[in-house]
Amino acid sequence: MVDTMNTFRQIPSPRTTDEQGRLVFTTLDDWTSGFFPGTLWYLYELSGDSVWLQPAIHYTEGMERIKYYRGNHDIGFMIYCSFGNGLRLTQKADYKDVIVTAARTLCERYRPGAGVIQSWPRQRGWDCPVIIDNMMNLELLFEATRMSGDSSFWNIAVSHADQTLKHHYRPDMSCYHVVDYDSETGAVRSRVTAQGYADSSAWARGQAWGLYGYTMCYRYTRDPRYLKQAEAIARFIFTHPNLPKDLIPYWDYDVPNIEQEPRDASAAAITASALYELSTYVNAKEAKQYKKLADRIIKSLSSPNYRATLSTNGYFILMHSTGNKPGPNEVDVPLVYADYYFLEALKRKRDLEQK
């Protein structure tokens with residue numbers, strides 16, 4: 001894949017494959033653009049092979065202009081998965097500047113009246129739409145405070161996490177995909193879906209984003225509410241009657257005739273990565289349970305049912321992810337973020353087992 005991309009004049013961003021199995025590239029302002037550089041960093045870290053280092057640096061630094069991207073909230077994904085991993089593995093000081101600048105850009109989307117970071121533009125009659133995916137962008141803000149000493153990033157992240165906890169979650173601890181707020185008063189205008197089966201259903205990747213997001217928020221804040229929320233989300237996922245035995249969910253937990261529906265390997269990979277981290281914050285009995293579940297997911301994803309053979313599948317690692325079934329868009333295909341979180345999960349698994 002790297003060799004193919006090196007033939008382009010401008011830096012492309014691989015996202016998936018088309019119906020003919022050909023690589024599909026997007027521009028750097030696509031929300032997925034940070035995952036490929038991040039994947040290269042994890043390949044470098046996991047393999048110890050320096051062959052991955054220069055491509056990781058090249059494709060990361062090619063994204064620097066994204067630190068000013070104002071199109072939506074996804075700058076957290078785009079910058080922290082690339083520059084965040086690069087900083088962790090190289091300690092390049094200028095990467096800190098990129099991360100802090102990106103955090104400032106993201107904070108322009110903060111709506112004080114609602115206490116949230118607006119995800120998408122005003123469209124479909126929305127005023128201040130917030131999607132559960134937005135929890136993932138808070139890591140950029142927490143890290144920006146650690147790097148700069150500016151607590152405003154941290155405070156915005158906490159406010160957003162608190163409002164999401166209050167308004168996105170149902171009594172059974174499943175979450176809505178989109179909550180639209182009145183940007184001035186903070187009143188909830190509607191709770192709907194954009195990528196799930198129904199407004200009231202549990203979109204699989206959304207549940208994974210929430211699990212990962214609140215686990216990460218606990219890492220930084222040690223607020224017990226966030227740990228409790230992460231555990232409650234995990235309980236919802238793993239007690240759901242529609243979760244398959246191999247623990248790779250269908251794209252939505254509540255879709256009718258579910259056994260005829262496509263799986264979402266990306267949701268499974270995100271969940272596994274979150275569980276490995278969650279296992280480090282709980283008592284020994286719970287830690288063992290969470291790690292066992294994560295190990296089972298990784299075993300399934302590593303099997304021929306989901307892991308592609310070398311040089312097939314558009315060079316992506318995992319098969320059978322679902323981006324947006326209602327679209328329909330990217331259904332039962334490889335997705336770059338599935339590979340990213342799969343490798344992150346492998347890294348976290350290795351770290352746990354080497355302790």
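Couple of notes before you dig in:
- Test result for Ala230, aliphatic (A, V, I, L, M) and touching a residue at least 24 places away in the same chain (Cβ under 8 Å): yes
- Filtered by the rule that a residue be more than 23 Å from Asp133 (Cα to Cα) and either surrounded by fewer than 21 Cβ atoms within 10 Å (Cβ to Cβ) or assigned by TED's automatic domain parsing to the domain that holds Asn134 (or both), the stretch 56-71 gives Ile57, His58, Glu61, Gly62.
- When Thr239, Thr215, Thr193, Thr271 are checked against the criterion of being surrounded by fewer than 23 Cβ atoms within 10 Å (Cβ to Cβ), closer than 24 Å to Val336 by Cα and among the β-branched types (Val, Ile, Thr), a single residue qualifies: Thr193.
- The stretch 80-94, subset within 17 Å of Leu53 (Cβ to Cβ), out of contact with any Lys or Arg (no Cβ under 9 Å at 6 or more places or on another chain) and not hydrophobic (A, V, I, L, M, F, W, C), residue surrounded by the most Cβ atoms within 10 Å (Cβ to Cβ): Ser82
- Being touching a Gly at 6+ places or on another chain (Cβ under 6 Å), over 23 Å from Met135 (Cβ atoms) and touching a residue at least 60 places away in the same chain (Cβ under 8 Å) is true of Leu23.
- Counting only helices (runs of 4 or more DSSP H) that sit completely within the stretch 72-119, those holding 2 or more residues that are under 17 Å from Ala157 (Cβ atoms) correspond to 75-79, 93-107.
- In the set Tyr95, Tyr44, Tyr69, only one residue is in contact with a helix residue (DSSP H, G or I) (Cβ under 8 Å, 6 or more places away or on another chain) and within 21 Å of Ile317 (Cα to Cα); that residue is Tyr44.
- Residue tally, condition of a type in the set (Val, Ile, Thr) and either modelled with pLDDT under 95 or not in a loop (DSSP other than H, G, I, E, B) (or both), over the stretch 313-324: 1
- Taking the numbered list (1) crowded, with 16+ Cβ neighbours inside 10 Å; (2) at negative phi in turn, Gly186 passes all entries but (2).
- Taking the numbered list (1) in contact with a strand residue (DSSP E or B) (Cβ under 9 Å, 6 or more places away or on another chain); (2) in a helix (DSSP H, G or I) in turn, Gly38 passes all entries but (1).
- Single residue of Asp74, Asp97 found to be more than 24 Å from Asp339 (Cβ to Cβ), assigned by TED's automatic domain parsing to the domain that holds Tyr42 and modelled with pLDDT of 95 or more: Asp97
- Look at (1) out of contact with any Leu (no Cβ under 8 Å at 6 or more places or on another chain); (2) in a loop (DSSP other than H, G, I, E, B) and you find that Thr280 fails only one, number (1).
- Considering the stretch 251-268, and only residues there that are surrounded by fewer than 24 Cβ atoms within 10 Å (Cβ to Cβ) and within 18 Å of Pro304 (Cα to Cα), the residue that is farthest from the chain's Cα centre (by Cα) turns out to be Pro262.
- When every residue of the stretch 131-146 is checked against the conditions, at least one turns out to be over 24 Å from Cys175 (Cβ atoms), buried (at least 17 other Cβ atoms within 10 Å of the Cβ) and more than 19 Å from the chain's Cα centre (by Cα).
- One residue from Asp180, Asp150, Asp199 being surrounded by fewer than 17 Cβ atoms within 10 Å (Cβ to Cβ), over 19 Å from Ile99 (Cα atoms) and acidic (Asp, Glu): Asp199
- Residue within the stretch 325-345 that is under 20 Å from Ser82 (Cα atoms), modelled with pLDDT of 95 or more and surrounded by fewer than 24 Cβ atoms within 10 Å (Cβ to Cβ) present: yes
- Residue that is farthest from Asn134 (Cα to Cα), among those in the stretch 79-97 that are among the hydrophobic types (A, V, I, L, M, F, W, C) and in contact with a Leu (Cβ under 9 Å, 6 or more places away or on another chain): Ala93
- Residue count, the stretch 68-84 (criterion: more than 15 Å from Thr32 (Cβ to Cβ) and either touching a Ser or Thr at 6+ places or on another chain (Cβ under 8 Å) or without any contact (Cβ under 8 Å) to a residue 12 or more places away in the chain (or both)): 3
- Cβ-Cβ under 7 Å pairs, at least 6 apart or on other chains, the stretch 285-308 side under 14 Å from Ser266 (Cα atoms) and touching a residue at least 12 places away in the same chain (Cβ under 8 Å), far side among the aromatic types (Phe, Trp, Tyr) and outside any loop (DSSP other than H, G, I, E, B): Ala294/Tyr276; Leu301/Phe342
The values are calculated or read from the model by the stated rules, or taken from the named source; none is laboratory data. Owing to the predicted nature of the structure, the values given are computational and were not obtained by experimental measurement. All Cβ positions, even for glycine, are placed from backbone atoms using ideal geometry, and neighbour counts span all protein chains on display.
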